[in-house]
Amino acid sequence: MLIWLSLSLFIAFLVVGAVDGIYFHIYRFRLWAQPEGWIEHVLHTARAVLVAPMLWLIFVAEGERLGLLVALVVADIVVTVGDVLVESKSRKPLGGLPRAELAIHVTATVFHVGALGLAFASMLVPDAPVPHAGPLNVIAVSLVVAAALAAGHHVALAVRGAPVGCCAQKEAAA
């Protein structure tokens, strides 16, 4: 039961995160293309890259996976703190962080922390059944694929928007 609750909160987190990423980060503010917003986008890219393996370890992988999951969550926390530290500077030229986006960030964080907490609880319960087949597995694998595609899109935008001199591709094009 805990694993299904975790999956439900992950779905809510991914939906809210998609709204934030597609509308605010990509469409409205084009953070990846703004010199001041590029570092923030790179940090979002790092978080996006971490999501697919976290989902895989929680819902699909079998066997010992707790240590690697903890490492990914710690990396996610470090990147998130970095994001918070650069966000005000990144958004200053764009008029600051809108209240609606802040509300989305808080909501997404609540869903993410809840999903992770329930996932860890399900892993720590002795002999808790974790179905690695059936509907949970199909949904989880679909989320892993969607998260990997989103991460790839983040990487492509980060490379495209990289400041001149930052990446070899940009230097070669100059």
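So, of the residues in segment 76-102 that are assigned to a loop (DSSP other than H, G, I, E, B) and without any contact (Cβ under 8 Å) to a residue 40 or more places away in the chain, which turns out to be nearest to His44 (Cα to Cα)?
Leu97
Which one of these is closer than 28 Å to Asn137 by Cβ and either in contact (Cβ under 8 Å) with a residue 12 or more places away in the chain or not in a helix (DSSP H, G or I) (or both): Val15, Val73, Val42? Going through Val15, Val73, Val42 in turn, just one is closer than 28 Å to Asn137 by Cβ and either in contact (Cβ under 8 Å) with a residue 12 or more places away in the chain or not in a helix (DSSP H, G or I) (or both): Val73. Within segment 62-91, the residues that satisfy the criterion of being surrounded by fewer than 20 Cβ atoms within 10 Å (Cβ to Cβ), of a type in the set (Gly, Ala, Ser) and touching a Leu at 6+ places or on another chain (Cβ under 9 Å) are Ala75, Gly82, Ser88.
The rows are residues; the columns are (1) of a type in the set (D, E, K, R); (2) modelled with pLDDT of 95 or more.
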position	(1), (2)
Val15	no, yes
Phe24	no, yes
Pro35	no, no
Glu40	yes, yes
Thr45	no, yes
Leu66	no, no
Ala75	no, yes
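Scanning segment 131-158 for residues that are more than 21 Å from Phe13 (Cα to Cα) and surrounded by fewer than 16 Cβ atoms within 10 Å (Cβ to Cβ), we see that the one that is modelled with the highest pLDDT is Ala156. Among the criteria (1) under 23 Å from Ala146 (Cα atoms); (2) out of contact with any Leu (no Cβ under 7 Å at 6 or more places or on another chain), the one Ile39 does not fulfil is (1).
Has segment 37-58 got any residue that is surrounded by fewer than 18 Cβ atoms within 10 Å (Cβ to Cβ), of a type outside the set (S, T, N, Q) and more than 16 Å from the chain's Cα centre (by Cα)? Within segment 37-58 (the criterion being surrounded by fewer than 18 Cβ atoms within 10 Å (Cβ to Cβ), of a type outside the set (S, T, N, Q) and more than 16 Å from the chain's Cα centre (by Cα)), the answer is no, since none of the residues qualifies. Of the candidates Leu124, Leu136, Leu157, Leu94, the single residue that is over 16 Å from the mean Cα position of the chain (by Cα) and within 17 Å of Leu31 (Cα to Cα) is Leu94. Scanning segment 1-23 for residues that are aromatic (Phe, Trp, Tyr) and either touching a Cys at 6+ places or on another chain (Cβ under 9 Å) or surrounded by 20 or more Cβ atoms within 10 Å (Cβ to Cβ) (or both) returns Phe10, Phe13. For segment 88-106, check the following and say yes or no: at least one residue is at pLDDT 95 or above, acidic (Asp, Glu) and farther than 24 Å from Ala148 by Cβ. Yes: segment 88-106 contains one or more residues that are at pLDDT 95 or above, acidic (Asp, Glu) and farther than 24 Å from Ala148 by Cβ.
The values are calculated or read from the model by the stated rules, or taken from the named source; none is laboratory data. These numbers were taken from a predicted model, which means no experiment stands behind them. All Cβ positions, even for glycine, are placed from backbone atoms using ideal geometry, and neighbour counts span all protein chains on display.
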